[in-house]
Amino acid sequence: MAGRTQRESSAVSTPAFQEPVARLSGVSLVLGKTQALDGINLSIPAGCMVGLIGPDGVGKSSLLSLLAGARRLQLGQVDVLGGNMSDSRHRDRTCPRIAYMPQGLGKNLYPTLSVEENLQFFGRLFGHDAATRRRRIDELTLSTGLSPFLSRPAGKLSGGMKQKLGLCCALIHDPDLLILDEPTTGVDPLSRAQFWDLIERIRSERPGMSVIVATAYMEEADRFEWLVAMDDGKILATGTPRELRERFNAPSLEAAFIAMLPESKRRNHRIVVVPPLQTTETDEIAIEAKGLTMRFGDFVAVDHVDFRIRRGEIFGFLGSNGCGKSTTMKMLTGLIPASEGKAWLFGHEVDSNDLATRRRVGYMSQAFSLYSELTVRQNLVLHARLFQVPESTIAARVSEMAQRFDLQQVLDDLPEGLPLGVRQRLSLAVAMVHRPELLILDEPTSGVDPIARDMFWQLMIDLARDDHVTIFISTHFMNEAERCDRISLMHAGRVLISASPSDLVRQRGAATLEQAFISYLKEAVGEQSNAPAAAQISATPSQPSGQQPPSPAAVSPSDSRTGGFHFGRAYSYALRETLELRRDPVRATLALLGTAILLFIIGYGISLDVENLSYAVLDRDQTSLSQSYALNLSGSRYFIEKAPLSDYAELDRRMRDGELSLAIEIPSGFGRDLERGATPQIGAWIDGAMPMRAETVRGYVQAMHQMWLVDMATRRLGMYPVAASSVETRYRYNPDVKSLPAMVPAVIPMLLMMIPAMLTALSVVREKELGSIINLYVTPITRAEFLLGKQVPYVLLGMLNFLFLVLLAVTIFNVPIKGDFVSLALTAFVFIICSTGFGLLASTFTNSQIAAVFVTMIGTIIPCVQFAGLLNPVSSLEGVGAWIGKLYPASHFLTISRGIFNKALDLSGLMPSFWSLLAAVPVILGASILLLRKQEG
């Protein structure tokens, strides 16, 4: 307490408090239908650690994103480091002086990149040369204890190590303002303590740096020098932790926060009291696990876990994110089978097919998992039926749950419009609707305000003590763990110890449960000190260690250049994209082999040649002339004769089955009538399901018929028909009129339009889904640098695909290049810039990978097939279709491709198409850059 008081008193008296690092005036923000911020007026002091406290959904993240420049301001004014954040020029100048670490474990990191590669990436973004990057990386990783893990992928780091790496990436450029959005959520107490010790050491080296932190942990907020308490998008109170406790006459910061809340929210609040558990020797064992193990490939998520939980006991499961808590709970409920070991529920071995035992269990998942399109009442009724509650009792059961969990006023409301605390009570009511004897709750109070959390706990205590329901709960909050009858501390898939909270504290000789937990964790990971060996992080040259902090507006920006196009930053994104592609087998396969596979499918599977037509003859005459007529067809390369027909019924059946494309009917008396000089009629039945094919077959039959008549006239009558004139047809460029020489040069542009566009769009939208797009918003990189850096690897991949497709066309499909290959390659390069640019354009207005794939597929395949001349010449199109054909880049490349492949042309004979293609490049890229937003919202 003495140390905290000393920090607070020095914070109040420091000159930095007189000059705010940020000021918000009348700031309001609406996200969808939610009022995220409501008339915020706030001055944040510089040179100190400021904490935003409050549960999830009160506006902390929205406020921080405005301060960082990541979100567009809707109403009011935000001044940061001496300038208005609505001014794009000020944001560009200030960006290198701000470091923003968003909410979520490693959200600004790239999981397939190593620790070293992530840090190098951010160093390049801020304009550091190689020597500066090396120095900063060595200093930061040594200080954080990450130096032994430089080659480890970020995705394989623990939660605490991810947060340390995120902090290192944020500090790579020596910022003047560090913004941390709930940096320790989901991190174990040891890593949390190390994280804050690291921040303190960095601040001691750079006393002018301001730090703004959002947190939901009240015990964590006690270490901050100045606090902003928030609720429902409004400021409740500001001041030092001591001032807030004294102002509201509260023993703890959490109690002070509860006292700040409006009377309507704290009216029914009462302090949670946990009656002692009454145990006997004959108590039934609700849960027992022996050697419970879960493996995912080579990764051991849960490693030989043992514990026993008595009936009516509140058993807590503590551990960081990823330590195996949720996996253990899923094995206990039968949701996933254990790799090794056994578990029993009420004496019965866990079996996913044992519905009787599973009906004795209620499970509440970590995330809200009810149906948002159903009302509260409908969700309760649905789950009652799923658990086979008798239909006659469902209405009474729903009413009972609504009354017990205080849901009467919201029974006909949709869950998505309810406050987080009410949604959690609804989840608990759903889990209890079938009256289970065991409740398994996976972090049920994460992000809930203190009053809702206390109310939730009171409900669980009543269930355990009054109804003897066994409660197995996981949590990150130490004050919640203290309410459990017993707790298990879990780390890296192993249970370190199971005992009552008081026993754990006593065994370790610790002052608090958190200190006891930290002691066990240190022992588990083999640490001997409270933090890694501290390395001195050098202060910036403009601000030596120990100097009084300057005015926020007076500090010169870092060495990163914000004006003009910086090739180093674009190269950083190009290199990072290349590394990620190499380590993603699915995307790499699609990028390298996708076009080749599709060329095989289209080249061999889609043919315009009408050959090998199956036909059969219904010969009702059975004379030599009728047989001669039938033989005339069978000798053609276009027809394949099948077994003869016997009647119309057989003809109809075989054509319906697709066995025949053509049926010839020779009427009875055919030979006799022909010899008498009459004109007998031949019937030709053609499958017309494909009209163009049917017309071609009709032409073949008529031609064969005329040839037979000429042959008969010549051989039988000695007559030689002489025409006044004749037409001799010659086909240029494709003498045999085959499909492949026409299709392959036309399919190549379609494939080079579709696959590169899709991959490029996915590369940007994937960043939106993962959250790493935040690096575009809060680093000095420009929109042009970001997009062109993302585009370059896919342009190179596209050229590799082009060469592969040309090789397949020449060697496999026997379609030679008759013209100039260099001209073809040059136009292909320009065309691939257009196609990848189209992918970038699609990514600017799509926010999910599914939507990006859909847009690029529709935007490439349909225009290529319908309007680019693949099947019909562009000159034959009319209206809007004609305009699309003239403007769409694939139309011009298709003309060039066919001209070089089939007509032996070079670029000099195709300049109009080439210039049109070249003109499309700045239009597409310019539109992409203009439409890409540098701020969210």
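A few points about this structure:
- Looking only at the range 69-97, residues that are touching a residue at least 40 places away in the same chain (Cβ under 8 Å), open to solvent by less than 40 Å² (accessible area, probe 1.4 Å) and either within 10 Å of residue 22 (Cβ to Cβ) or among the charged types (D, E, K, R) (or both) come to 6 in all.
- For the range 198-217, the set of residues classified as open to solvent by less than 10 Å² (accessible area, probe 1.4 Å), in a helix (DSSP H, G or I) and either closer than 30 Å to residue 260 by Cα or in contact with a Gly (Cβ under 6 Å, 6 or more places away or on another chain) (or both) consists of 199 only.
- Counting the residues of the range 685-703 that are closer than 14 Å to residue 630 by Cα, in contact (Cβ under 8 Å) with a residue 12 or more places away in the chain and surrounded by fewer than 16 Cβ atoms within 10 Å (Cβ to Cβ) gives 0.
Residues checked against (1) open to solvent by 20 Å² or more (accessible area, probe 1.4 Å); (2) at pLDDT 85 or above; (3) in a loop (DSSP other than H, G, I, E, B):
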{"position": "487", "(1), (2), (3)": "no, yes, no"}
{"position": "503", "(1), (2), (3)": "yes, yes, no"}
{"position": "517", "(1), (2), (3)": "no, yes, no"}
{"position": "523", "(1), (2), (3)": "yes, no, no"}
{"position": "529", "(1), (2), (3)": "yes, no, yes"}
{"position": "544", "(1), (2), (3)": "yes, no, yes"}
{"position": "551", "(1), (2), (3)": "yes, no, yes"}
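- The one condition from (1) modelled with pLDDT under 85; (2) more than 25 Å from residue 335 (Cβ to Cβ) that residue 392 does not meet is (1).
- Among the residues of the range 880-922, just one is among the basic types (Lys, Arg), in contact (Cβ under 8 Å) with a residue 60 or more places away in the chain and surrounded by fewer than 20 Cβ atoms within 10 Å (Cβ to Cβ), namely 903.
- The listed residue being open to solvent by 10 Å² or more (accessible area, probe 1.4 Å), within 30 Å of residue 452 (Cα to Cα), among the aliphatic types (A, V, I, L, M) and part of a strand (DSSP E or B), out of 179, 235: 235
- So residue 630, is it open to solvent by less than 10 Å² (accessible area, probe 1.4 Å) and out of contact with any Phe, Trp or Tyr (no Cβ under 7 Å at 6 or more places or on another chain): no
- The helices (runs of 4 or more DSSP H) found wholly in the range 319-401 and carrying at least 1 residues that are closer than 30 Å to residue 190 by Cα and free of Cβ contacts under 8 Å to residues at least 24 places away in the same chain occupy 325-332.
- Within the range 414-436, residues that are of a type in the set (Gly, Ala, Ser) have Cβ atoms under 6 Å from residues that are surrounded by 18 or more Cβ atoms within 10 Å (Cβ to Cβ) and part of a loop (DSSP other than H, G, I, E, B) in these pairs: 421/448; 429/405, counting only partners at least 6 apart in sequence or on another chain.
- Restricting the range 442-482 to residues that are assigned to a helix (DSSP H, G or I) and among the polar types (S, T, N, Q), the residue that is most open to solvent (accessible area, probe 1.4 Å): 479
- Some residue of the range 727-735 being part of a loop (DSSP other than H, G, I, E, B), of a type in the set (A, V, I, L, M) and modelled with pLDDT under 80: yes
- Top-ranked residue in the range 121-154 [being closer than 9 Å to residue 172 by Cβ and part of a helix (DSSP H, G or I); ranked as most open to solvent (accessible area, probe 1.4 Å)]: 133
- Within the range 765-774, at least one residue is surrounded by fewer than 18 Cβ atoms within 10 Å (Cβ to Cβ), assigned to a helix (DSSP H, G or I) and hydrophobic (A, V, I, L, M, F, W, C).
- When the range 405-460 is filtered for residues that are touching a strand residue (DSSP E or B) at 6+ places or on another chain (Cβ under 6 Å) and more than 30 Å from residue 256 (Cα to Cα), the ones remaining, listed by number, are 431, 432, 436, 438, 439, 440.
- Qualifying residue in the range 238-253 (condition: within 42 Å of the chain's Cα centre (by Cα), open to solvent by 30 Å² or more (accessible area, probe 1.4 Å), farther than 30 Å from residue 469 by Cα and of a type in the set (A, V, I, L, M)): no
- Within the range 840-875, the set of residues being crowded, with 21+ Cβ neighbours inside 10 Å, of a type outside the set (Ser, Thr, Tyr), outside any loop (DSSP other than H, G, I, E, B) and in contact with a Phe, Trp or Tyr (Cβ under 9 Å, 6 or more places away or on another chain) comprises 855, 863, 864.
- Scanning the range 658-677 for residues that are hydrophobic (A, V, I, L, M, F, W, C) and farther than 17 Å from residue 624 by Cα turns up 660, 662, 663.
- Yes/no for residue 318 being in contact with a helix residue (DSSP H, G or I) (Cβ under 7 Å, 6 or more places away or on another chain), among the hydrophobic types (A, V, I, L, M, F, W, C) and over 30 Å from residue 160 (Cα atoms): no
- In the range 395-418, residue most open to solvent (accessible area, probe 1.4 Å) [restricted to those that are touching a helix residue (DSSP H, G or I) at 6+ places or on another chain (Cβ under 8 Å) and either under 24 Å from residue 354 (Cβ atoms) or not aliphatic (A, V, I, L, M) (or both)]: 412
- Condition met for residue 304 (open to solvent by 10 Å² or more (accessible area, probe 1.4 Å) and over 39 Å from the mean Cα position of the chain (by Cα)): no
The values are calculated or read from the model by the stated rules, or taken from the named source; none is laboratory data. No experiment lies behind these values; they were computed from the predicted model shown. Heads up, the Cβs are rebuilt from the backbone with ideal geometry, glycines too, and the neighbour counts pull from every protein chain shown. Calculation scope for accessible area: heavy atoms of the full protein, side chains included, ligands and nucleic acids excluded. Shrake-Rupley method; radii C 1.70, N 1.55, O 1.52, S 1.80 Å.
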